């Protein structure tokens, strides 16, 4: 969508998704951008930061927040500059265990999205560093800035 940044928040039925939702106390376990050319741009376990097809995974729940942004193209370009960045397994483990240890040069999903949004000036820095931002924290922050749409409701 021209002039807007779209962030997708999802969950699935696997054990890691359930653990992340439990620790972060919310309905989502993953965050990524939806690009204007119809891809998902985010950091996943397999491959780190990549552009992936919209249907690369089956999600049990998806919500999207659309944030009006006159410099959205620059936000997406900044995000695409991270393609190839490795996944932050240590950061995810620290997040799940309640510790705050940063891994330089690696990002887990919400860490990547938060870092891009902050770097581009879409959101102001908060008291939390990107590596301390859960998908639920990021959803709450983005909801304050944009329009929420539930794409897929959770089932069984």
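Laboratory data are not the source of any read-out in this text; all were calculated from the coordinates shown. Just so we're clear, the structure is a prediction, and the values are computed from it rather than from any experiment. Cβ coordinates were reconstructed from backbone atoms using ideal geometry, including for glycine residues, and neighbour counts include every protein chain displayed.
Which of 115, 124 has the fewest other C-beta atoms within 10 Å, and how do the rest follow up to the most?
Fewest-to-most Cβ neighbours within 10 Å comes out as 124, 115.
Could you check the simple spin-label distance between residue 37 and residue 129, using points 7 Å along Cα→Cβ, in nm with one decimal?
It works out to 3.3 nm between the two label points.
Per the helix-only calculation at 222 nm, which mean residue ellipticity applies to the chain, given -39500 (n - 2.57) for every DSSP H run of n ≥ 4 and division by its residues, nearest 500 deg cm²/dmol?
Using -39500 (n - 2.57) per qualifying helix, the result is -9000 deg cm²/dmol.
In what order do 13, 30 fall by count of nearby beta-carbon atoms within 10 Å, going from fewest to most?
With the sparsest Cβ surroundings first, the list reads 13, 30.
Relative contact order, percent, of the chain when contacts are C-alpha pairs under 8 Å separated by at least 6 residues?
The value is 29 percent.
Where in segment 35-75 does the label zone of residue 147 land, with the point 7 angstrom along Cα→C-beta and an amide N cut-off under 16 Å?
63-70
Cα centroids of segment 106-129 and segment 1-68: how far apart, whole angstrom?
Comparing the Cα centres of segment 106-129 and segment 1-68, I get a distance of 15 Å.
With the cut-off at 1.5 for a/c, could you classify segment 4-152 from its C-alpha gyration tensor as rounded, prolate or oblate?
It is rounded, given that a/c, with a ≥ b ≥ c, falls under 1.5.
Take the Cα of residue 68, step 7 Å along the line toward its Cβ, and report every residue of segment 3-38 whose backbone nitrogen sits under 19 Å from that point.
Taking a point 7 Å out along Cα→Cβ of residue 68, the residues of segment 3-38 whose backbone N falls under 19 Å are 3-7.
Rank these for me by crowding, 29, 24, going from fewest to most other beta carbons within 10 Å.
Fewest-to-most Cβ neighbours within 10 Å comes out as 24, 29.
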